[in-house]
Structures are given as C-alpha cells and as structure tokens.
Amino acid sequence: MKKCLLGALLGLAISFAAPVAMAQNTDATMQTVKPDEVVWKEHPFLKGVQTYFLMGDPTKTGLIVQISKLPPHYKIPAHTHPYSEVITVLRGTYWNAMGDDMEHGVELKPGCSFVLPAGHIHHTWTGDEETITQATFIGPAGVTFVNPDDDPRKK
C-alpha cells in the first residue's frame with residue numbers, strides 16, 4: 001500500500017508538473033502541464049489509444065515519459081521491449097501478466113507501479129473504465145510482439 005501511495009504521489013507530481021518537451025527546451029525554464037491543456041494524439045499503432053509525451057522524443061536516445069489513455073477492456077497482446085520500463089497507473093484499473101503466468105495478471109489501481117526488465121514478456125489490459133498510465137523508459141521506443149500475427153502495425 002505504501003508503494004502504491006508513493007507511486008501515486010510521484011506519478012501525479014510528474015504528470016502535472018513535468019515539462020512537455022524538456023528535451024527540446026533550450027532556455028532551461030520550467031514548463032508546466034495542466035490536464036485541460038494536454039493535446040492527446042492517436043497512438044501510432046495501438047488503435048483507440050491516445051498518448052502524449054511529457055518528455056523526450058521516442059525516436060531518439062534519451063529519457064522518455066509517455067502518458068497513455070486506454071479505453072475500457074483494451075488488451076495489448078504479449079510483447080517485449082528492448083529497454084527496462086516503469087509503468088505507473090494514474091487513473092483506472094490496469095492489469096499486467098508477466099513471464100510464465102500469462103493467464104493471471106496483477107491488478108493495479110491508481111498510484112501502483114510495475115517495473116519490467118528489458119526483454120521481459122508481458123501483456124496488459126484495462127478494466128471497466130478508461131485508464132491512464134505513465135511509462136518511463138530510455139528511448140528510442142521499441143516493441144516486439146511475441147506472436148507476429150498480434151502486431152497491429154501489420155494489420
């Protein structure tokens with residue numbers, strides 16, 4: 001419970017006070033982001049998911065902070081990333097199943113986080129409500145679906 005609370009406070013602090021594009025901010029001034037100012041964009045290949053980047057360019061090397069808004073009952077098939085990542089649930093319910101136990105997941109509520117090592121197989125899904133997550137990783141972004149037929153970029 002303490003980890004979830006700490007994660008919630010950290011996630012909220014970052015999500016509402018972090019720079020929109022710190023990597024491009026050359027005047028070294030603080031920028032703030034308020035929820036009503038966010039411009040959501042369609043995820044490049046996860047149809048129905050909206051996203052924005054608080055920090056970094058996902059096509060380049062560097063720290064990336066990505067916020068994603070997923071619809072209810074949304075499933076992301078088993079996949080891996082070439083980097084470690086930290087996922088924090090900001091709103092809604094997010095499930096994560098990892099490794100050998102791909103049938104049973106861990107339910108994560110706002111403030112809860114999970115850390116995945118590079119190359120770790122996992123799949124995720126949302127609960128009955130819209131869910132917002134924050135992903136933090138070192139780019140460039142990358143994903144490999146365990147079953148190539150599940151890759152939405154090929155559809």
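The values are calculated or read from the model by the stated rules, or taken from the named source; none is laboratory data. On a predicted model such as this, the values are computed, not experimentally measured, just so you know. With ideal geometry, Cβ positions are generated from the backbone for all residues, glycine too; neighbour counts draw on all protein chains shown.
Things worth noting here:
Let's see how each residue does on (1) farther than 30 Å from D151 by Cβ; (2) of a type outside the set (D, E); (3) modelled with pLDDT under 85:
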{"site": "A23", "(1), (2), (3)": "no, yes, yes"}
{"site": "T26", "(1), (2), (3)": "yes, yes, yes"}
{"site": "E37", "(1), (2), (3)": "yes, no, no"}
{"site": "K41", "(1), (2), (3)": "no, yes, no"}
{"site": "P44", "(1), (2), (3)": "no, yes, no"}
{"site": "G62", "(1), (2), (3)": "no, yes, no"}
{"site": "P71", "(1), (2), (3)": "no, yes, no"}
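- Check on V106, aliphatic (A, V, I, L, M) and either touching a Cys at 6+ places or on another chain (Cβ under 9 Å) or under 16 Å from F45 (Cα atoms) (or both): yes
- When the residues of region 75-126 are filtered to those that are of a type in the set (G, A, S) and modelled with pLDDT of 95 or more, the one that is nearest to the chain's Cα centre (by Cα) is S113.
- Residue, nearest to F145 (Cα to Cα), within region 86-133, restricted to residues that are of a type in the set (G, A, S) and surrounded by 16 or more Cβ atoms within 10 Å (Cβ to Cβ): A97
- Tally of residues being in contact with a Gly (Cβ under 9 Å, 6 or more places away or on another chain) and either surrounded by fewer than 18 Cβ atoms within 10 Å (Cβ to Cβ) or without any contact (Cβ under 8 Å) to a residue 24 or more places away in the chain (or both) across region 134-143: 2
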